[in-house]
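Some notes on the structure that comes next.
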Amino acid sequence: MTKICLKVKPGARKNQVIKKEDGSFAVSVTAPPEKGKANKAVIRFLADYFGIAKSKIRVISGATSKNKIAEVSDA
């Protein structure tokens, strides 16, 4: 299991994942920050970015914050 730090920008103009120099990720999603829509979009785009299934990624901290910690399952 790998933990990654995320800075999420919900309600952005376009969906985008950027890896920063410090190893964290900046994730912009068009989904609004309501009822978990942005979190689901973040998981979907991270899964595409890493080329893994959505079920391998989960937000373990910061569900209602822009700063999140996600856990990526290796297996």
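The condition of being of a type outside the set (Phe, Trp, Tyr), at pLDDT below 95 and in contact with a Pro (Cβ under 6 Å, 6 or more places away or on another chain) holds for only one of Ala63, Ala75, Ala38, that being Ala38. Go through the stretch 2-23 and give me each residue that's surrounded by 10 or more Cβ atoms within 10 Å (Cβ to Cβ) and either charged (D, E, K, R) or not in a strand (DSSP E or B) (or both). Hits for the stretch 2-23 are Lys3, Lys7, Lys9, Pro10, Gly11, Ala12, Asn15, Lys19, Lys20. A single entry from Ala70, Ala63, Ala53 fulfils the requirement of being surrounded by 16 or more Cβ atoms within 10 Å (Cβ to Cβ) and in contact with a helix residue (DSSP H, G or I) (Cβ under 7 Å, 6 or more places away or on another chain): Ala70.
Residues of the stretch 24-37 that are assigned to a loop (DSSP other than H, G, I, E, B) and hydrophobic (A, V, I, L, M, F, W, C): Val29, Ala31. State yes or no: is Asp48 exposed (fewer than 15 other Cβ atoms within 10 Å of the Cβ) and either touching a His at 6+ places or on another chain (Cβ under 8 Å) or under 15 Å from Lys3 (Cβ atoms) (or both)? Here the answer is no, as Asp48 does not meet what is asked. Looking at this structure, is Val29 surrounded by 15 or more Cβ atoms within 10 Å (Cβ to Cβ) and within 20 Å of Asp74 (Cα to Cα)? No: the conditions fail for Val29.
The values are calculated or read from the model by the stated rules, or taken from the named source; none is laboratory data. All values reported here derive from a predicted model rather than from experimental measurement. With ideal geometry, Cβ positions are generated from the backbone for all residues, glycine too; neighbour counts draw on all protein chains shown.
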